[in-house]
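Novice: Encoded as structure tokens, here's the structure I'll be asking about.
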Amino acid sequence: MLKRLLKFHFNAANETSVAHKFRMKRMRFFEERFSETFGREISEGKTLKVLDVGGTLKFWKSMHSKYFDTMELTLLNLNRIDVPEEYTNVKSVAGDARDLSCYQDKEFDLVFSNSVIEHVGKERDQKRMASEILRVGKHCYVQTPNRNFPVEPHFIFPMFQFLPLSVRAFLVRHFALGWRTKAADSEEEAREIADSVNLLNEKQLRKLFPGAEIQREKFLLLTKSFYFFI
């Protein structure tokens, strides 16, 4: 019962879930800052180049952003994703968030990243991604879950992120946790899955993005995630 309840409320794709409501609130913050930053360009009808690192068209459609049509949106993922022809302002490319060397310095007006930096690897890889975001974007918006929140948002398991890797791998091997529909097939796969998410606390995030005015998303007085626009 508790597992179903947690999974429901952590499912941002469900528009009645707590996670979706938080996501919409963050999008309103993003739109306010977007409007403040690019107000003149928007009023002049200019197209703004936006790179979404790890993003999907489904996400942007679900957010109903009023500025979507002002963007020339590039979706960058490890593999290209299908984009219907009618979305002429959107393209998908294959790439690595840790190496954006195919792009020039400040090539994009904005780099957008929603719940991605915790997936690219450990500290060294996260530092590479942060550096690349800051290099290719004139501005950036980043969101990531808080490591210190008591329920891990990917595996939907209390304090999962603080358990030893061997214990996390055991749980992944024997139980279908979070959004996975089945347990891992082998010990090696279980360890790889369990170690694939590296959440950040506020101190670590500030180190990656010095000077960022970090917003704390609260749930039951606890900080659920962080986000900022710089």
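Novice: Rounding to the nearest 10 and keeping the result within 0 to 90°, find how far the Cα-based axis of helix 18-43 lies from the longest principal axis of the chain.
Specialist: The two axes meet at around 20 degrees.
Novice: Roughly how many whole Å is it from the C-alpha centroid of segment 120-198 to that of segment 43-75?
Specialist: Comparing the Cα centres of segment 120-198 and segment 43-75, I get a distance of 26 Å.
Novice: When only Cα pairs under 8 Å and 6 or more residues apart are kept, what is the percent relative contact order across segment 40-107?
Specialist: 29
Novice: If amide H atoms are built 1.01 Å from N in the plane of the peptide, which residues on other chains or at least 5 residues away come under 5 Å of the amide H of GLU152?
Specialist: PHE157, MET159, PHE160, GLN161
Novice: List, in order, the whole-Hz ³J(HN,Hα) value for each residue of segment 56-69 obtained from phi through the Karplus relation with A = 6.51, B = -1.76, C = 1.60 and θ = phi - 60°; use x for Gly and Pro.
Specialist: 9, 5, 4, 4, 5, 5, 6, 7, 6, 5, 6, 9, 4, 6
Novice: To continue, here is another question. Can you tell me how much longer the chain between TYR87 and ARG124 gets when fully stretched, taken as 0.36 nm per residue apart minus their C-alpha distance, in nm with one decimal?
Specialist: In short, 9.8 nm is gained.
Novice: Going by how many other Cβ atoms sit within 10 Å of their own, how do LEU222, LEU134 line up, fewest first?
Specialist: Details: LEU222 13, LEU134 20.
Final ranking by Cβ density, sparse to dense: LEU222, LEU134.
Novice: Follow-up. Could you list which residues have their amide H under 5 Å from that of GLY95, counting only those 5 or more apart in sequence or on another chain, with H placed in the peptide plane?
Specialist: Long-range HN contacts for GLY95: ASN77, LEU78, ASN79.
Novice: Can you list residues whose amide H is under 5 Å from ASN201's amide H, if they're 5+ apart or on another chain and H is modeled 1.01 Å from N?
Specialist: When sequence neighbours closer than 5 places are left aside, the close amide H contacts are ARG147.
Novice: Given the -39500 (n - 2.57) contribution per DSSP H run of 4+ residues, what per-residue ellipticity at 222 nm results for the chain, rounded to the nearest 500 deg cm²/dmol? Can you show the working numbers first?
Specialist: On the way: 7 runs with 80 residues, N = 230.
That comes out to -10500 deg cm²/dmol.
Novice: Pairs of Cα atoms under 8 Å, at least six residues apart: use those to get the relative contact order of segment 155-196, whole percent.
Specialist: The value is 39 percent.
Novice: With a ≥ b ≥ c taken as the square roots of the eigenvalues of the C-alpha gyration tensor of segment 155-196, please select rounded if a/c is under 1.5 and otherwise prolate if a/b is larger than b/c or oblate if it is not?
Specialist: Judged from the Cα gyration tensor, segment 155-196 comes out oblate (a/c at least 1.5, b/c at or above a/b).
Novice: Say each of ASP195 and GLU31 gets a label point 7 Å from the Cα, pointing the same way as Cα to Cβ; how far apart are those two points in nm?
Specialist: 4.3
Readers should treat all values here as calculations from the given coordinates under stated rules, not as data from a laboratory. This structure is a prediction, so every number in the text was calculated from the model and none was measured. Methodologically, a virtual Cβ is constructed for each residue, glycine included, from the backbone with ideal geometry; neighbour enumeration extends over all protein chains shown.
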